[in-house]
Structure formats: C-alpha cells, structure tokens
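In what follows, a structure is listed as structure tokens, so that the remarks can point back to it.
The values are calculated or read from the model by the stated rules, or taken from the named source; none is laboratory data. Every value quoted in this text rests on a predicted model; they were computed, and no experiment measured them. Here the Cβ positions follow ideal geometry from the backbone for every residue, glycine too, while neighbour counts run over all protein chains shown.
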C-alpha cells in the first residue's frame, strides 16, 4: 500500500487510489500465462479476439474505438493476429476504404484456450473470496469500467 501524504489536494487522493488499483490488478489478477500454441499474444490481442467473438465482424476503426487504441496501433495488432491466422481482413462491401475484420476458427480456438488458462489462474487467485465478495468484486469492476468509458 502507498504511504499517503497527510494533506491531499483535491484529485491527489483519486490518483493514489487509481495507482493502487492498477498495481494490485497487475500484481494479482492480470499475471497469467497468455501463450498460445503459435506464439504469445498480448492482453490487447486477446481483447480483440474476444470483441470479435461477440460481434463477429467489425471495421478496423470500430474495433480500435472499442479497444480504446488508435487506428495505427490496431493495424499493427491485427497484422500479428492475421499472420497467426486468427483473424481475416476483407474490404467492406459498403465502403471500399474500410476493412472488415473477422475471427477465424483458429482465433476462436486460441481465445478459448487462453480463456481456459485465465479461468484456472483466476480461480486460484479468487479462491480466498466468498461468493458474496466475488459478486461484489464483479459488480464494482463493471461499475468502474462504465465510469472509465465515460472518461475516455
């Protein structure tokens, strides 16, 4: 835990709380093996696969907006996934300037494998929480995500 100064300015307490939450999330919840058979994927790569799993097909711009990354960064991320055969890109039928991205069967399998490993890792980490605490954690994280979406 961070040592806080005695007198905090208006937003300084918020900064300390955010910093502590980020450190705890990275240390305890997000430290998991994300490797897949064909190589290693970042959390952003897995986020892309998960987003495409739910939406089936999105434009590069829409995917970048959903993932809160700039379009050039999304293009690089998609290059890696496409090289691994996990996504396909094709020209949009409505707008030739736009590409549509879709999840492949290989991407679906890689995502399922990574999610199973994450579930196993999280299960052992979260085992110390009782069901009510687990539900509270889920609700609070969902609430935090909603607030952060408003800020971005």
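So the values come out like this:
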| quantity | calculated |
| --- | --- |
| Residue in the stretch 118-138 that is under 16 Å from residue 41 (Cβ atoms) and touching a strand residue (DSSP E or B) at 6+ places or on another chain (Cβ under 8 Å) present | no |
| Breaking point among (1) more than 30 Å from residue 15 (Cβ to Cβ); (2) assigned to a helix (DSSP H, G or I); (3) modelled with pLDDT of 90 or more; (4) more than 16 Å from the chain's Cα centre (by Cα), for residue 120 | (3) |
| Scan of the stretch 97-112 for residues that are within 17 Å of the chain's Cα centre (by Cα) and in contact (Cβ under 8 Å) with a residue 24 or more places away in the chain, ordered by number | 103, 107, 108, 110, 111 |
| So residue 138, is it on the phi > 0 side of the Ramachandran plot and modelled with pLDDT under 95 | no |
| Check on residue 133, over 18 Å from the mean Cα position of the chain (by Cα), free of Cβ contacts under 8 Å to residues at least 60 places away in the same chain, surrounded by fewer than 17 Cβ atoms within 10 Å (Cβ to Cβ) and part of a helix (DSSP H, G or I) | yes |
| Hits in the stretch 103-112 - residues which are part of a helix (DSSP H, G or I) and touching a helix residue (DSSP H, G or I) at 6+ places or on another chain (Cβ under 8 Å) | 107, 108, 110, 111 |
| Index of the failed condition, residue 63 passing every other in (1) surrounded by fewer than 14 Cβ atoms within 10 Å (Cβ to Cβ); (2) over 30 Å from residue 17 (Cβ atoms); (3) at pLDDT below 95 | (1) |
| Qualifying residue in the stretch 71-84 (condition: without any contact (Cβ under 8 Å) to a residue 12 or more places away in the chain, touching a helix residue (DSSP H, G or I) at 6+ places or on another chain (Cβ under 8 Å) and under 19 Å from residue 46 (Cβ atoms)) | yes |
| Unique match (being under 17 Å from the mean Cα position of the chain (by Cα), assigned to a helix (DSSP H, G or I) and closer than 21 Å to residue 55 by Cβ) among 144, 115 | 115 |
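Per-residue answers, yes or no, for (1) within 22 Å of residue 121 (Cβ to Cβ); (2) touching a helix residue (DSSP H, G or I) at 6+ places or on another chain (Cβ under 6 Å); (3) at pLDDT below 90; (4) outside any strand (DSSP E or B):
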residue	(1), (2), (3), (4)
9	no, no, yes, yes
21	yes, no, yes, yes
52	no, no, no, yes
95	no, no, yes, yes
